[in-house]
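Written below as C-alpha cells is the structure these notes are about.
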Amino acid sequence: MKINVTQLKYQRVEVEIRQLVQTLPLGAKLPAERDLAVSYGCNFLTVRKALKRLVVDGTIVRRVGSGTFIAKHPSDLHSDPNRQDNRIGILVYQGSNAYAYRVLQSIAHASIAQDIDLRSIWVPDFGDAALAQANLLKKDQCIGLALPWFPHDKVEEVRRFVTKCPLPVSLPLVIPGLEKNCFEQQEIFGAASTTVTIADTCRYYQFLGHERIALIGPDSTNDLILQKKISGYVHYVSRQNIPSLCGLVGPGAPAMDQLAERWKSYRGNLAILSYDDEHALRFMTAMHKLGLNAPDDYCIMGYNDTEGSRYSDPPLTTIHQNFDYIGHWMLKCAHALAMGKVAQSSTPPRLNMLVRESCGGRNKITDALRAQCQYIDIMIDDMGPGSEPLSTGVLQTEKSQVEEPSIPA
C-alpha cells in the first residue's frame with residue numbers, strides 16, 4: 001500500500017498507521033491519539049477517523065481504560081507475488097523503550113517509500129528463542145532482519161545471535177566484528193549525537209550566561225554512545241576551563257533522588273545536558289521533590305524528543321533526532337545485506353534543538369545565538385493548544401557506501 005498524494009489527510013494517515021501496525025508485533029499497544037497526531041503532523045480528530053477504519057476491519061481493538069492494541073496484521077500491504085526480494089523481518093525486543101518505538105515508527109514510514117514488505121515478531125532475549133523466531137521469519141520468506149533497538153548490556157548476546165542467525169541482521173549500533181551490519185559507517189557512528197552535539201549545546205548554555213554545565217546519564221560501562229558523550233563533554237569543558245560535573249545514576253528513584261540532593265546546592269547556577277529524555281525527566285521529578293523547578297532553579301535539556309518530553313511540567317527542551325534517517329538506513333542496510341551487499345550512511349544528518357520551557361532560553365533566541373551552534377538548528381517549539389507539530393526534518397539519503405563483499409551463509 002502506497003501513499004497517494006490525492007488522498008484525503010485521514011486516508012494518508014491511515015496508510016501510515018497500517019504500516020506501523022505491520023511493523024509492531026501482535027498484541028502491541030499503539031501510542032495515544034495525541035502522540036500519533038504529533039508524529040503525523042495532524043490533529044487528533046484526523047487520527048481518530050483513520051483509526052476508526054482499522055477498528056471496523058478488526059486490525060486493532062480498543063479496550064476501555066487500557067488503550068488500543070493490534071489484533072491482526074494487515075495481509076500483504078504491498079506484497080507482489082512475483083517478488084521474492086522485498087520482505088524484511090523486524091525483531092522487536094520485549095523490553096523496548098520510547099526511543100525504540102520511534103525507530104519502529106520510522107521504519108514503518110521508510111518501508112512505504114522503499115516498497116518493503118515487513119513482518120515483525122517479539123523476542124524476549126537473543127538466545128535460542130530469538131533464533132527460533134528468526135527461523136520462523138525465514139520460513140515466512142523474509143530475506144533479512146532489522147533489529148531497531150536493544151539494551152547496551154545485551155551486546156554480547158546480540159553478537160552471538162547475529163553470527164548464528166539464518167538471515168543477515170541490520171543493527172542500530174557498531175559491534176566489533178560486525179561493523180558492516182550497522183546502518184552507519186563506523187567512522188561516523190554516533191557523530192550526530194555525541195561530540196558535535198555536546199559542543200553545540202554547551203555553547204548554547206554559555207551564550208545564555210551559564211557557568212556551571214553538568215552532564216547526567218546512566219551508570220553503564222557498555223554504552224558506546226554514553227562513552228562518546230562523556231568524552232565530548234569532558235573535552236569541551238576542559239578546553240573552556242569550566243568545572244566538570246558529571247552524574248551517572250542507576251535505575252530507580254532513589255539513585256536520582258541522591259543526585260538531586262547533592263546538586264541542590266547549585267540552585268540558580270546549574271545547566272544540565274542529559275543523555276536522554278528519560279534521565280532528564282527523572283531528574284526533574286527528583287528536584288521537584290525538593291521544591292526546585294526548571295527553569296527558575298536550574299536549566300535542563302534532554303535528547304531524543306520522546307512523547308514524555310512534550311507533556312512534562314515544564315515541557316522539556318530536547319534534541320530531536322532525525323528518526324526518518326535512522327529508519328531509512330536501517331531498512332537499506334538490511335536489504336543490502338540480504339543481497340550480498342553493504343549499504344551504510346556516510347553522512348550524519350543535522351539535528352534540531354526544540355527549545356521549550358525547561359532550558360530558560362525561549363525568549364533569548366537570537367541570530368547570534370543560532371550562529372553559535374554549528375551542527376544543530378535551533379527551533380522554538382510551541383506545544384500549546386492548537387499548535388502544529390514540528391516536522392522531523394529533511395531525510396538525508398544521497399550519500400552512502402555500497403559494497404559487494406561475500407556474505408557468510
Which of 275, 375, 311 is most accessible, then next, and so on - probe 1.4 Å: 375, 311, 275
Shape parameters for the stretch 105-215, alpha-carbon atoms, Rg then Dmax in Å: 18.4, 60
Note, ³J(HN,Hα) from phi for the stretch 179-190, Karplus 6.51, -1.76, 1.60, rounded to Hz, x at Gly and Pro: 4, 6, 8, 7, 6, 10, 4, 4, 5, 10, 4, x
Degrees, to the nearest 10: 155-164 long Cα axis against longest axis of the chain: 20 degrees
Ellipticity estimate at 222 nm from DSSP helix runs (n ≥ 4, -39,500 (n - 2.57)) divided over the chain, nearest 500: -11500 deg cm²/dmol
Nitroxide proxy distance, nm - points 7 Å out along Cα→Cβ at residue 43 and residue 179: 5.2 nm
Residue-span extension gain [residue 156 to residue 346] - 0.36 nm each, minus C-alpha spacing: 65.8 nm
Cβ charges +1 (Lys, Arg) and -1 (Asp, Glu), total dipole of the chain, debye: 560 debye
Gained length - residue 138 relative to residue 266, 0.36 nm times residue gap less alpha-carbon distance: 40.5 nm
Estimated Rh, the stretch 138-290: Kirkwood, alpha-carbon pairs, angstrom: 17.5 Å
Spread of Cα-to-Cα distances over 10 Å intervals beginning at zero, given as percent, for the stretch 283-355: 17, 33, 22, 17, 10, 2
Per residue convex hull volume, Cα atoms of the stretch 169-244, in Å³: 100 Å³
Percent carbon-and-sulfur accessible area, the chain, ignoring ligands, DNA and RNA, probe 1.4 Å: 50 percent
FRET efficiency, residue 224 to residue 52 (Cβ-Cβ, R0 45 Å, nearest 0.05): 0.55
Quarter of Cα convex hull surface for the chain, i.e. mean projection, nm²: 20.8 nm²
Quotient of C-alpha Rg and 2.2 N^0.38 Å, computed over the stretch 210-343: 1.23
Distance between modelled label sites at residue 370 and residue 66, nm, 7 Å Cα→Cβ extension: 4.8 nm
Per residue value of the accessible surface for the chain (all protein chains in place, 1.4 Å probe), Å²: 44 Å²
Most positive-pole-ward Cα, 333, 103, 275, against dipole of the chain from beta carbon charges: 103
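The values are calculated or read from the model by the stated rules, or taken from the named source; none is laboratory data. All values derive from a computational prediction rather than experimental measurement. Backbone-built Cβ (ideal geometry, glycine too); neighbour counts: all protein chains shown. The area values use the complete protein model at the heavy-atom level, side chains included, leaving out ligands, DNA and RNA. Shrake-Rupley method; radii C 1.70, N 1.55, O 1.52, S 1.80 Å.
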